[in-house]
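What follows is one structure encoded as structure tokens, with my remarks underneath.
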């Protein structure tokens, strides 16, 4: 009898366990507020890109919670101090793209702005410099073809593009690959970065991009002057993109910015 009494004292029946509905209601209330905020942000910030955060081992529960409540997935990037800087840069790129007739849908241009930003920053270059190069090469016409046969936004020769595609692990399908604006940007930025490393001079690298590295190397071997007109056009356009119309303070000259490129 005494044993039964001890069991009852140490292990009370589950039916008598106090309920904790208040705690669950509090969580529901918090999630409701967060979801309401995210819907408001989505309405006011149409170009807000949702990113999926990385969670180390041991945080699977938090990851599952964010995946379950998609509003939290939208709020997460706002906690990243680099997020606003990235979004501002992408919107500036998109504003420049909107001034040109690209032949691409608006949704594609939004994605393209992000690709230009990502590829430029990945190669440690200024996205607006890449924009200046595209403006001079193709005037942002995705389907443009030069007299020499260069194609796409960054006007890449097919044999060069095929080599770069193999180097980057991109499936090569000829014009289908070259006229894909995202792949064209990826290959073009990579090619330019390779030329910058090879020639160790922005002017020479741009001349090689425009006329071919073999041509530029031939001039250098003969101690002849490499034409700088293409560099001057890029520099002028880049300066126009960098200078803000609303700012009274002059920005550094484009030549100074180009000189800072990593070599």
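The values are calculated or read from the model by the stated rules, or taken from the named source; none is laboratory data. Quick caveat, the model's predicted, so the values are computed rather than measured. So basically every Cβ, Gly included, is an ideal-geometry build from the backbone, and we count neighbours across all protein chains shown.
Numbers for the structure displayed
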{"read-out": "Tally, over segment 80-95, of residues that are more than 13 Å from the chain's Cα centre (by Cα) and either within 18 Å of residue 139 (Cβ to Cβ) or at pLDDT 85 or above (or both)", "value": "1"}
{"read-out": "Which numbered condition residue 98 fails, given (1) free of Cβ contacts under 8 Å to residues at least 40 places away in the same chain; (2) within 26 Å of residue 203 (Cα to Cα); (3) over 12 Å from the mean Cα position of the chain (by Cα)", "value": "(2)"}
